[in-house]
Amino acid sequence: MNTSIRHSSFLGYLSDPRLPNPNTKVEFEDATFDVLPGFSCRQNIPSVSIRSRNYPKRWMRHSFWRIRFDEYDQGAQPSDLFKKDASFEMVVPGLAGQCVSFRSVNYPDRYIRHRNFELWLDVLENTDLFRRDATFCKQPPRAGYYRATDESSKPPDTPPTIPTISVSLPQSQTFLVQGSGFLPGKQVAIRIADDALNPNLFYYTTATANGSINMTLSIPCSPGRLYFSANDGRQNSSDRTGMLWSNTVTLSCQ
């Protein structure tokens with residue numbers, strides 16, 4: 001069956017091919033998402049957060065174990081609980097031995113799975129059924145593709161331009177992050193990891209009209225190394241996180 005994750009009334013579902021006319025414009029738009037750097041993570045394990053394409057203020061999260069698409073629940077910035085509920089680790093390959101499974105950051109014994117076409121966050125079960133129900137395969141974005149098209153006539157995909165960053169240390173615990181090659185006007189997440197395997201820090205800025213960033217960060221740190229990288233929301237199927245990251249810059253933390 002050809003099914004996709006989608007939202008309906010802001011709850012998570014699999015599209016049900018048994019229903020009449022399932023491949024409508026509304027369904028295709030409801031089944032298209034942006035996969036972005038996770039709001040939260042544990043033990044330095046990369047995570048992702050998933051945002052609705054047609055309702056960009058709404059993010060996939062779990063609440064009472066049901067998968068939902070909720071808006072930020074605390075003003076302009078999400079609460080710590082929202083960040084954790086809306087962050088998932090991408091397990092590659094997935095539990096069924098292929099594609100990907102999504103493990104909760106704050107409940108790592110639970111995975112997103114479907115039950116009767118509803119999406120839930122359930123405790124891992126050692127069964128083939130659970131592993132299949134909790135494994136999902138990436139598909140091309142569906143929004144805008146609801147009309148019948150001749151796929152063979154489409155031009156080949158152009159490899160994305162990988163953004164680059166540089167990091168300098170003008171003074172102790174103050175870092176200047178500069179970069180280019182990002183999508184103009186898009187939010188850029190700057191990820192910082194350290195040798196102590198503390199949870200990743202994320203700082204956000206917006207790329208200029210020419211795709212560059214310039215941001216000064218004050219980061220309290222202990223002796224050791226810091227690892228800087230950045231992402232503007234583009235995807236990369238060859239990366240474990242599924243996202244297109246810049247180069248990684250390593251600096252001593254002083």
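The values are calculated or read from the model by the stated rules, or taken from the named source; none is laboratory data. Keep in mind that what you see is a predicted model, and the values were worked out from it rather than measured. Cβ sites come from the backbone with ideal geometry, for glycine too, and all protein chains shown count toward neighbours. For the accessible areas, the whole protein counts, side chains as well, though only heavy atoms, and no ligand, DNA or RNA atoms are used. Shrake-Rupley method; radii C 1.70, N 1.55, O 1.52, S 1.80 Å.
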Ranked from highest to lowest mean number of other Cβ atoms within 10 Å per residue, what is the order of the peptides 31-44, 49-62? 31-44, 49-62
Convert each backbone phi in the stretch 78-84 into a coupling constant with the Karplus relation 6.51 cos²θ - 1.76 cosθ + 1.60 (shift: θ = phi - 60°), then list the ³J(HN,Hα) values in order as whole Hz, x for Gly and Pro. x, 6, 4, 5, 4, 4, 5
Given the whole protein assembly as supplied and a 1.4 Å probe, what does the accessible area of LEU124 come to in Å², nearest 10? 80
Less than 22 Å apart at the alpha-carbon level, and either on another chain or at least 8 residues along: which lysines does that give for LYS138? LYS25, LYS154
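Taking every pair of Cα atoms in the stretch 38-90, average 1/r, invert it to obtain the Kirkwood radius, and report Rg/Rh to two decimals.
On the way: Rg = 10.6 Å, Rh = 11.2 Å.
Radius of gyration over Kirkwood radius for the stretch 38-90 works out to 0.95.
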Going from most exposed to least, what order do CYS99, CYS253 have by accessible area with a 1.4 Å probe? CYS99, CYS253
